[in-house]
Amino acid sequence: MAIGKPFVRVEDERFLRGEGRFTADYALPHMVEAHVLRSPYAHAEIRSISTDQALALPGVHAVFTGDDLPSDLPPIQCRIPTHGDLSAYLQFPFARGKVRYVGEPLALIIADTRAIAEDAAELVDVDFEPLTAVTDPSAALTEASAKVHERGNLAGRWGFDLGDVATALDTAAFTASDRFSIQRHSAMPMETRGLLASYDAGRNLLDVYGPTKVVHTNRNMLASMLGMGEAEIRMIEPDVGGSFGARGEFYPEDYLIPFASIRLKRPVRWIEDRVEHFAAINHSRDCVFDVTVAADAEGVITAFDVKLVCDMGSFIRTHGDVVPSHAAASFPGPYRVRNYRIDAMTVMTNKTPTGTYRAPGMFEANFARERAIDRLADRMGLERAELRRRNLIQPEEMPWHVGTESVKRPTIFDSGNFPLIFERATQAFGWSAPFEREVEGWKRGRGMCALVEPSGLGPFEGVRIEVDQHGRVQIFSGSSNQGQGHETILAQIASEILTVPMEKVRVRHGDTGIITFGGGTYASRTAIMGGNAVHAASTGVRQKALGAASRKFGFPIEDLDLREGAIWHGMKNEPLASLGDMARMLMPGNQEILVTPSAGNIPDNDGLVVTSYVRGVSAGAAVFAVHLADVLVDPATGETKVERYMVACDVGRQLNPLIVEGQIIGGVAQGLGGTFLEELSYNEEGQLTTGTFADYLMPNVYDMPPVTSLVFEESPATTNILGVKGVGEVGPSGVAAAVGNAIANALSATSGINTLPLTPQRVIEAIGFEVGA
Amino acid sequence: MKPAPFDYFAPTTLDEVFELLSKYGDDARVIAGGQSLVPMLALRLARPEVLIDLNRIPSLAGISEDGGTLRIGAMTRQARALASDVIRNRLPLLHQALWNVGHPPTRARGTLGGSISHADPAAETPMVMMAYNASMVIAGKDNERIVEAGDFTLGTFETCLEDGEILKEIIVDAPRSDEGIGFAELSRRRGDFAMVSAAARLRLNADGTCADAHLIIGAVAPVPLRCDAVAQALVGTEPTEQRLREAVGLIDLDSFSFDNPEVSLAYRRHIAPTLAFRALAQAAGKASGLHT
């Protein structure tokens, strides 16, 4: 039995030995390097671009600008349904007419080395006419504001109005209202983006190394932009050092680098450097919630009334408006609240465009909702866990239809026993146990966040499984892998069903050349979608092997069994044949199992090979989780220390407990970064002021508290055969909420702790301070 | 993130350094541990025509003690200084402060002289040198001069080094062994730029009254602030908690000037007395321990 076992990840050995092969490890003969010249202005008209001097520099092969691109080139399309038509805000590979954010591509310089390309970039003469930068979303909505795009700065306004919020507010015994801000920050994968495009002009074939996440989708987008056939492009995912939602989307460079390779008929490589990364990668989060939560005298939450403003940056990219969309769809969380209203606005500004970052919309909504619930509990004089307990969705109410939808899919919680997990979580943490409120002058506080994390979204996933004559199993997966451990968990599922040891199963992924269709990796979907595709294909292989053995040995199929990697008949001591033997017999041309002759060509056996595609279920699978934290606060300085942290969650079924725990702990680390440290800041001119890791702080080992993960398998997902739920985003999702609640609790703060990141200054502002006090 | 082109020299003697400096003048920069300059080169914020690498001049690195006088070569690595028994025993305030200087990888390359010459207002080492009243040995082609630590830093990234000069060595008279020290710092993340830091030295008389005290506050103004009013108020009195709290009330908050959205002037003024108190209390506690 391989499912559920804590196998050490099969990927780890090569990474720990330094034998991983990342995009920058790939090189091809005659390869040249690319550098992107980016806008230094947040908002400016481009009067002219002169490239003569740059082209004259020895070692420079080409300088491409917007003039070199086809005049009918479409913008980069959004791959997800949006609220309303956002096509006026899509981005072209190069700025057209004006620049709209610092970092927007203006030109691509191709040279023998990256250093020469950067020297040449300084020789490109761009004549700008600076315009007023739009940096504040609320100012962007005023009449007087400069326009980022002709169509106006308000890209979309939409929402939900469920039940009767107005009456609920009028009749409420208690309400609490506040504004909650989540700062702009984003994924900082250890490996930045990179692409190596190689065009074979003679055969009109293009290979691209470096794409990840959604390689088939990106391949199709590129084919359409280049006017090539989809099968003429192969995208190959090497080892990838992290994505977290941001890496692997289709960016301007994903068009420009292949374009340059085609134009020059040479391999072109571009490796994003960290400074570029800060300005070029999708930013995320950046939103403000105005929340009113209402309750009756018994502590039943009767309404959520929410306004949401999300700063989208300068363009709508491939993710569309999915971040505010998910936030709006899931705002009510795990509570049975039927009166829910949200008025959401998506606003364009002169900042880097935005996209998803691990737990998109959820980290944000959970912070706003759970802080507001603590506020309400304090106002009611009701214990904070008790208020939540009285409002949790009950197991008999499953599946729970929230009544909302995101990306045209209804928000449904398929299964779960929220009260049971809630009780176990609070007991394990010792939530109700008394604790010292003060330690050596520091104040201690306790906080929690209850949440539901949707997982396993997306239309479909596929795998092909091939067994060779030595009984080795190859899984060709349409999912990709950016470090999550998919090579291990997918192998575990095949290992279990085909009864072969893990060492005999290999997973290949992220390559459009190895499987025709692929969904990709996002939305905590691979365990569910990829996993069930492996389940289906493995089951298919098993049936095919048994069926062939039945024909070969003349026993009824129901008397045959697959175990220990071999076909057995009844209680006999020896197997009839190994899985490898069956693979050999099923090879085309093999005489051991003859196919029935017919006129003309005889259709032959097609190997012990099965391709399976599984279709996604709208609802996906809902993970219920409770985050709990004890935090110390220095009331003199606002310094904070997370003392201990626990995430309790019901994942339905664990494929690999080590990977589940790693996902949770790593996710909490990222959540702590977003809670305390990470911020992409802009000044009034629209300059990004956090341009290096000296300014953009990420948590390091000193900042990590002990994290306990408490993982339950109480409520298997009802929407997939394996019963698994996605665990990739449970870790970060509730951190700001739990930690913020703990800090407010420590300080007995009745206001504040509503703006992230929770810097020492912001923490102390919650209780007010006087200079020199 | 590739530096603009430059010529690179790696001299092995100081004479060669000064020759190169006089030949290239303003176009040249010396590079020590490179922990600040290399990122600036990569970002093309610094673009010298010529880079003179000091890493191959053995005489510039090392820690020696002669009687009560310590000499620290400017190219001594921060990690080396942190691991040095001599520094830990004789200049414990420097030892303590070095824990707050960057991170292990940056300390492995970064040098004491480089950090002091870079003159980042949030840097810890210039504060410590001020607290110790260290002497900075500045060398040029034909001359050598000594400047007190308090006169070395002139402003943000600004020192009294003239063209053609480098910081060669730091001389510190080791304080009496019964002195207590304290260092307190608040930064967003351990090892990062301080929001406010405070360095203290304190010595007690036999009767428990304060014989001598020094307090330096960093990261609040272009140069570290020496708080002599606080020190003087403590001398002759017993450094009780209440006394220390009163004394830190004498910090000249008006001379603070740094103000950013993330770390406001008001916030710096608010927390500076707390950090100063903590540094002084640590120092007083240690001094009293050394007495008994």
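What follows draws every value from the coordinates through simple rules; no lab data is involved. Please read all numbers here as calculations on a predicted model, not as lab measurements. Positions of Cβ are generated from backbone atoms using ideal geometry, with glycine treated the same way; all protein chains shown enter the neighbour counts.
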(request) May I ask you to derive the FRET efficiency for A:Ala297 and A:Thr750 from their Cβ-Cβ distance with R0 = 25 Å, giving the value to the nearest 0.05? (result) 0.75
(request) Give the cysteines in chain A for which no other Cys Cβ lies under 4.7 Å away, or write none if there are none. (result) A:Cys78, A:Cys449, A:Cys649
(message) So if I take the alpha carbon set of segment A:1-143, get Rg, then get Rh from the Kirkwood formula, what is the Rg over Rh ratio?
(response) 1.13
(request) Quick one: check the C-alpha center-to-center distance for segment B:35-89 versus segment A:116-164, whole angstrom. (result) 46
(message) Spelling out what I want: for every residue of segment A:154-171, take phi, set θ = phi - 60°, compute 6.51 cos²θ - 1.76 cosθ + 1.60 (Karplus), and round to whole Hz; glycine and proline get x.
(response) 8, 6, x, 9, 7, x, 10, 9, 9, x, 10, 5, 4, 5, 4, 5, 5, 9
(request) At q = 0.15, 0.22 Å⁻¹, work out log10 I(q)/I(0) for segment B:113-232 with the Debye formula, treating every Cα as an identical point scatterer and leaving solvent out; two decimals please. (result) -0.70, -1.23
(message) At 25 °C and a viscosity of 0.890 mPa s, what translational diffusion coefficient does Stokes-Einstein give for the protein assembly as shown, taking Rh as the Kirkwood radius over Cα pairs? Give it in µm²/s as a whole number.
(response) 77
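What number, rounded to the nearest 500 deg cm²/dmol, is the helix-based mean residue ellipticity at 222 nm of chain A, given -39500 (n - 2.57) per DSSP H run of at least four residues and division by all its residues?
It comes out at -7000 deg cm²/dmol, rounded to the nearest 500.
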(request) Normalise the Cα radius of gyration of segment A:195-302 by 2.2 N^0.38 Å (N = residues in it) and let me know the number. (result) 1.58
(message) Apply the Karplus curve 6.51 cos²θ - 1.76 cosθ + 1.60, θ = phi - 60°, to the phi angles in segment A:444-458 and return the couplings in whole Hz, x for Gly and Pro.
(response) 9, x, 10, x, 9, 9, 9, 8, 10, 10, x, 8, x, 7, x
(message) If amide hydrogens are placed 1.01 Å from N in the peptide plane, which non-local residues have theirs closer than 5 Å to the one on A:Thr302?
(response) A:Ala294, A:Ala295, A:Asp296
(request) Return the ratio Rg/(2.2 N^0.38 Å) for segment A:482-560, where Rg is computed over Cα atoms only. (result) 1.29
(request) Round to a whole angstrom and tell me the spacing of the C-alpha centers of segment A:66-110 and segment A:207-268. (result) 16
(message) Percent of Cα-Cα pairs more than 24 Å apart in segment B:62-173, please.
(response) 17
(request) Could you give me the percent of Cα pairs per 10 Å distance bin for chain B, shortest bin first, beginning at zero and ending with the bin that holds the maximum distance? (result) 7, 28, 34, 21, 8, 2, 0
(request) Return the whole-Å distance between the Cα centroid of segment B:107-184 and the Cα centroid of segment A:412-445. (result) 51
(request) Would you kindly calculate the mean projected area, averaged across all directions, of the convex hull enclosing the Cα atoms of segment B:144-184, in square nanometres? (result) 4.5
(message) Please list, by residue number, every one of the chymotrypsin sites (Phe, Trp or Tyr not before Pro) in segment A:662-763 that is coil in DSSP and has at most 15 other beta-carbon atoms within 10 Å.
(response) A:Phe693
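Using helices alone, what [θ] at 222 nm do you get for chain B, with -39,500 (n - 2.57) per DSSP H run of 4 or more residues, divided over all residues and rounded to the nearest 500?
Calculated from helices alone, the mean residue ellipticity at 222 nm is -9500 deg cm²/dmol.
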(message) Through the Karplus equation 6.51 cos²θ - 1.76 cosθ + 1.60, θ set to phi - 60°, convert the phi angles of segment B:13-25 into ³J(HN,Hα) values in whole Hz; use x for Gly and Pro.
(response) 10, 5, 4, 4, 4, 5, 5, 5, 5, 6, 5, 9, x
(message) To make sure I understand the rule: partners must be lysines, Cα under 30 Å from the Cα of A:Lys443, and not fewer than 8 residues away in the same chain. Which ones qualify?
(response) A:Lys641, B:Lys286
(message) Out of the GluC sites (Glu not before Pro) in segment A:473-507, which ones are loop residues according to DSSP with at most 13 other C-beta atoms within 10 Å?
(response) none
(message) Using only the Cα atoms of segment A:66-147, what are the Rg and Dmax in Å?
(response) 16.4, 49
(message) Within segment A:118-157, list the residues whose amide N lies under 11 Å from a label point set 7 Å along Cα→Cβ of A:Thr692.
(response) none
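Over its Cα atoms, what ratio of radius of gyration to 2.2 N^0.38 Å does segment A:460-615 give? Mind showing how you got there, number by number?
Details: Rg = 16.2 Å, N = 156, 2.2 N^0.38 = 15.0 Å.
Normalised Cα radius of gyration, segment A:460-615: 1.08.
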(request) Would you work out which of B:Ala108, B:Ser64, B:Phe157 lies farthest towards the positive end of the dipole of segment B:62-173, given +1 charges on the beta-carbon of Lys and Arg and -1 on that of Asp and Glu, about the Cα centre? (result) B:Ala108
(request) Would you grab the residues whose amide H sits under 5 Å from the one on B:Val196? Only those 5+ places off in sequence or on another chain, please, with H modelled 1.01 Å from N. (result) B:Leu186
(message) List the residues, sorted by chain then number, that are 5 or more residues from A:Asp286 or on another chain and whose placed amide H is less than 5 Å from its amide H.
(response) A:Arg184, A:His185
(request) Apply 1/(1 + (r/R0)^6) to the Cβ-Cβ distance of B:Cys160 and A:Ala146, taking R0 = 45 Å, and write down the FRET efficiency to the nearest 0.05. (result) 0.45
(message) Just to be sure I understand the model, the point goes 7 Å from the Cα along the line to the Cβ. What's the resulting A:Ile593 to A:Arg551 distance in nm?
(response) 0.6
(message) Taking loop as defined by DSSP and a crowding limit of 13 other beta carbons within 10 Å, which trypsin sites (Lys or Arg not before Pro) in segment A:343-413 fit?
(response) A:Lys408
